[in-house]
Structure formats: C-alpha cells, structure tokens
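Below is one structure, written out as structure tokens; the observations come after it.
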Amino acid sequence: MRKNEYTELINEVKASEPLKQKIKEKMLQQDNMLQKVRMLEQEKALEQEKALEQEKVLEQVKALEQEKVLHLEKSPNKEEKTRKPFWFKQPMQIMFAAMALFLIASLTGKMILENRNLIPLENSHGNIKIKYINNAPDFKVSYDLVYFTEQELIQREGLEIVKGTITEIKNIEVIMEGNKEYYALASILVEKVYQGQSQVGDVIVMKLPCPIDTGVWVEDTGIASAMRVGMKGIFMPFTYDEENSFYRRGDTTLYWKDIVDYGLLDGERYAFLETPTGIQYAEFAYPSLEGATSLEEIESFIVKMLENKN
Amino acid sequence: MINTREQIDAVVETYSDMIIRIAYHNLRNQADAEDVAQEVFLKLMREEEFEDEGHRKAWLIRVTINLCKDMNKQAWNRKTEGLIETWEPFSNEQQRVLEELWELPKNYRNVVYLYYYEELTVSEIAKILKRKENTVSSWLTRARKKLKTILMEGGYRP
C-alpha cells in the first residue's frame, strides 16, 4: 500500500456540509454565550474592582480611624478618658495616700491648735511651753505650807487685796524641761480695792496653784480648788514683778509676769470665798475670824489689819 | 481567539475534514466521529490564542485524539468495540481495506494517518502524541509491515 493509495482512501472520509453547518452554528451559539459570559464576567470583574476599591477605601478609612484612635490614645486627654480611674487601679496607693494626708492634716491641725493655745512668753527662756488646757490629768501634788501669823499673811508686802467676782477660770499646762505642772488663771472683776494698784472695774488675772474642776487634787489648795466662775470673794494675790517672780527648773526660767500679773502664794490662805454653802477660808490660819459667816466680817478684819500695818 | 463568523467559517472549512478523519480512525463510527468533531470545535472556541497555524493544527489533532480516547473509555463504547460502521460513500473494496486498517492498533493508525496523509514529520508526530521520536518511528515501521501483510493477504491490489 503506497502513500497515494492510502490518501485516496482517506480522502473519502470527509466532514459533510450539514455537519460543518451544525458545527458552525454551535460555535456561533457558543460564541454568543461566551460573549455573554464574558460580558457578565466583565461586569462581575468591574463589580469586583468596585468592591475592591470600596474595600480599599474602607481599609484606608479604618486605617485613618485607627491612627486617629492611636493618636488619641497616646494623647493625655484620651489617656484620662480611656484609662481606668486611678482609684480603681491603685486602691492601696490611694488608701496610703489618704492615710498620709489624714495624718498630716491631724498633725497640722494639732500643731495649729497647740500653737493657738500656747501662751506667748516674752522673758521666760529655756525648754518651756505653756498652754491653755481643758482638763488636767489625774494626779496629786503636795505642798508644805510655811506657817505665818494673821498679821504676817495680810500685811505681807506685795499683796493686791481686792474684793470682786470671778469672771473666768482657765487651766494651764506648764511644761518645763519635759516636766508638766498644772495651774489655773482666774479673772477677777474688781469691785473694791483694799490694797494695791488696781481700780474698781478692772479685771485682774491671778494664777491659782491648782487647776480647777479637774481630777487633780492638790493638797492645801482647798480654797482655790473651790473657786468657780460667778463666786464673790476677797482675794489677796501677790503682785509679780519682772525680775524676782520667776520659777526655775534646770536651765529653764519662767517669769510669771509673762503670763499673769498676780498669783496666789498658796491655795488656802490668800482668798476668802462666798460659796453657796457659805464662807470658805483657811480657818486654821485666821483664828480672829472664828465664827465669821460673811465677807463683810472678813472685809472688816482685813481693813483693820491693813490699818494696823500702816 | 475566534469570535467572528468569518473566523468560524474559515477554521471549520480548514480543519473539519482532518478532525473527522482522525476521529473516524480512532472510533470507527461516523456518528461518534461527528460528535467528537463538534466537541473539538467548541473547545477551540474557548481557547485564547495560538502561536501560529501549525500550533493550532497540532492542538486540534491532540485534542481530537484525546477526546476519542475519552470516548473509547466510556463503558458503552468499550462494549461495542467490535462494531464497525463503514463510511457511506465508500465502495465495498474501500470498506474492506478500511476494515484491514482498523486491524492495526490505535497508535499505529494515528501515526500512519498523520505521516502519510497530513504529511507531518516523525518529530511533529512525536510532539503531538507526546512520545519519543524513536517510538513513533518504530510504530510507523511496524504499521507499514503489518498493513502490507494484511493487504497482501487480503489480495488488495489497487
């Protein structure tokens, strides 16, 4: 079998015209379909492109928003807004800070109050502090009274002898060299002057050897301890001077004149009180006044004694 | 890309006979060959671009042979493998020769057709069939000998 013989044979095998037409039609149909498909694909692609563009825009917007958020988070204002409150995060620190503030405030307040109650001292020096107090601690003090006669008591030099009414009593705490002592300052509205520089209507302030109306019991201060605001009496305080009236403990010296002009030399023998229960005075020291029941009787006695002095 | 009426007409007129012949060589059935031909052209529509006309032709041959293989793999065709439907215009003598040709293995048939009728070189056939050139040469030699024997025994004398 030669080539031409073979080709002649195969030449008979051909695509018929109807087949060709059929194929062409199908190809055209497919082409139309493909074109539609391509159009749809193009539309889809365009939509996808638009969607992608929108996504990109959205991403850019998000990125910008995130940047903005980050920027705001970094800014102090945002930090204040977004962070948990300090007292929520650091309760211990807040508690300690509050306690510290409370302690500081307490100490400061105490210091302010103490300073306000402190009595300024002009001449006194050393380790000394005197302040007004409401109550003295419970303790006992004992004095040994030196015996004096009636004349020696009344005719003693330096006494201011007046009749008057107690208008005010303040307790004081004297701290010298770390040692605490308690006294009271009594204000007297002068109604009559038997001896001294004061005048009727003056208010003289005298130191009492004990605090008043506290738990303190001071021996030989019975009369002074009985003093109350509103009581009348005859008072014979000693007039302090700036040089000689001082109280010394160690290197510390207290000049009484810095705080008061007068002072009772003891709590028994330099005052005669008109109390609701009657006249109170140191009966043991004034035998001439035995049986006296009024200030007038005492006043007469004192006037007589002063006249004898002169 | 084929997307105009003129392009469709041209490609069908140029390659339809070739595709039918290859399909007929492989399927021995006119109707199946026509179905394959339609499918090949529809596939061609979906192809984007070819480097040149030679590339297009080689692509059509390869796709046709592959579609024929696919069709032969189908269960129904495997069962009817022995049935031979002769081409209508063939004379009785020609039909007998064709039947002798179909006695050759499929690969031999394709090589003979591509070499003698399409006048492709051994190298080109090897590329289309994705075989080594030596293999194609061997198939061609064997096909010639067998075909000669068959035809001699059949007493065919053109």
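Some notes on this structure:
- Test: A:L306 is open to solvent by less than 30 Å² (accessible area, probe 1.4 Å), more than 20 Å from A:E168 (Cβ to Cβ) and of a type in the set (A, V, I, L, M): yes
- When A:L58, A:L40 are screened for being in a helix (DSSP H, G or I), open to solvent by 100 Å² or more (accessible area, probe 1.4 Å), away from chain B (no Cβ under 14 Å) and within 23 Å of B:L42 (Cβ to Cβ), only A:L40 passes.
- Comparison of A:I223, A:I212 shows that the only residue that is of a type outside the set (D, E), at negative phi and not in a helix (DSSP H, G or I) is A:I212.
- Counting residues in region A:286-299 that are within 49 Å of the chain's Cα centre (by Cα) and of a type in the set (S, T, N, Q) gives zero.
- Out of A:G263, A:G233, one residue alone is touching a strand residue (DSSP E or B) at 6+ places or on another chain (Cβ under 9 Å), touching a residue at least 60 places away in the same chain (Cβ under 8 Å) and open to solvent by less than 10 Å² (accessible area, probe 1.4 Å). It is A:G233.
- Looking only at region B:113-149, and only at residues there that are within 14 Å of another protein chain (Cβ to nearest Cβ) and touching a Leu at 6+ places or on another chain (Cβ under 7 Å), the one that is most open to solvent (accessible area, probe 1.4 Å): B:K146
- Residues satisfying the stated conditions in region A:266-307, i.e. without any contact (Cβ under 8 Å) to a residue 12 or more places away in the chain and under 19 Å from A:G158 (Cα atoms): A:K304, A:E307
- Every condition in (1) open to solvent by less than 50 Å² (accessible area, probe 1.4 Å); (2) farther than 28 Å from A:K36 by Cβ; (3) within 15 Å of the chain's Cα centre (by Cα); (4) at pLDDT 85 or above is met by B:N29 except one, and the failing one is (4).
- Only residues that are over 15 Å from A:C210 (Cβ atoms) and among the charged types (D, E, K, R) were counted in region A:268-284, giving 2.
- Selection within region A:266-280: residues that are of a type in the set (S, T, Y) and at pLDDT below 90. The member of this set that is most open to solvent (accessible area, probe 1.4 Å) is A:T277.
- Residues that are surrounded by fewer than 18 Cβ atoms within 10 Å (Cβ to Cβ) and among the aliphatic types (A, V, I, L, M) were ranked within region A:170-189; the one that is nearest to A:V205 (Cα to Cα) is A:L189.
- Only residues that are in a helix (DSSP H, G or I) and at the interface with chain A (Cβ under 10 Å from one of its Cβ atoms) were counted across region B:1-34, and they come to 21.
- Selection status of B:L98, within 14 Å of another protein chain (Cβ to nearest Cβ), assigned to a helix (DSSP H, G or I), at pLDDT below 85 and under 23 Å from B:A143 (Cβ atoms): yes
- Neighbours by Cβ (under 6 Å, 6+ apart or cross-chain): first from region B:118-143, in contact (Cβ under 8 Å) with a residue 24 or more places away in the chain; second surrounded by 14 or more Cβ atoms within 10 Å (Cβ to Cβ) and of a type in the set (S, T, Y): B:W139/B:Y108; B:L140/B:Y115; B:A143/B:Y108
- Lone unmet requirement of (1) open to solvent by 60 Å² or more (accessible area, probe 1.4 Å); (2) within 23 Å of B:V122 (Cβ to Cβ) for B:E39: (2)
- Selection of first residues in region A:179-196 that are closer than 19 Å to A:E274 by Cβ and of second residues that are surrounded by 20 or more Cβ atoms within 10 Å (Cβ to Cβ) and charged (D, E, K, R), restricted to Cβ pairs under 7 Å at least 6 apart or on distinct chains, gives the following pairs, ordered by first then second residue: A:E191/A:K163; A:K192/A:K163.
- Residues in region B:68-95 that are within 16 Å of the chain's Cα centre (by Cα) and either part of a helix (DSSP H, G or I) or modelled with pLDDT of 65 or more (or both): B:C68, B:K69, B:D70, B:M71, B:N72, B:W87.
- Number of residues in region A:236-256 that are outside any strand (DSSP E or B) and surrounded by 15 or more Cβ atoms within 10 Å (Cβ to Cβ) equals 5.
The values are calculated or read from the model by the stated rules, or taken from the named source; none is laboratory data. This is a predicted model, so every value here is computed, not measured. All Cβ positions, even for glycine, are placed from backbone atoms using ideal geometry, and neighbour counts span all protein chains on display. Just the protein is used for accessible areas: all its heavy atoms, side chains included, with ligands, DNA and RNA removed. Shrake-Rupley method; radii C 1.70, N 1.55, O 1.52, S 1.80 Å.
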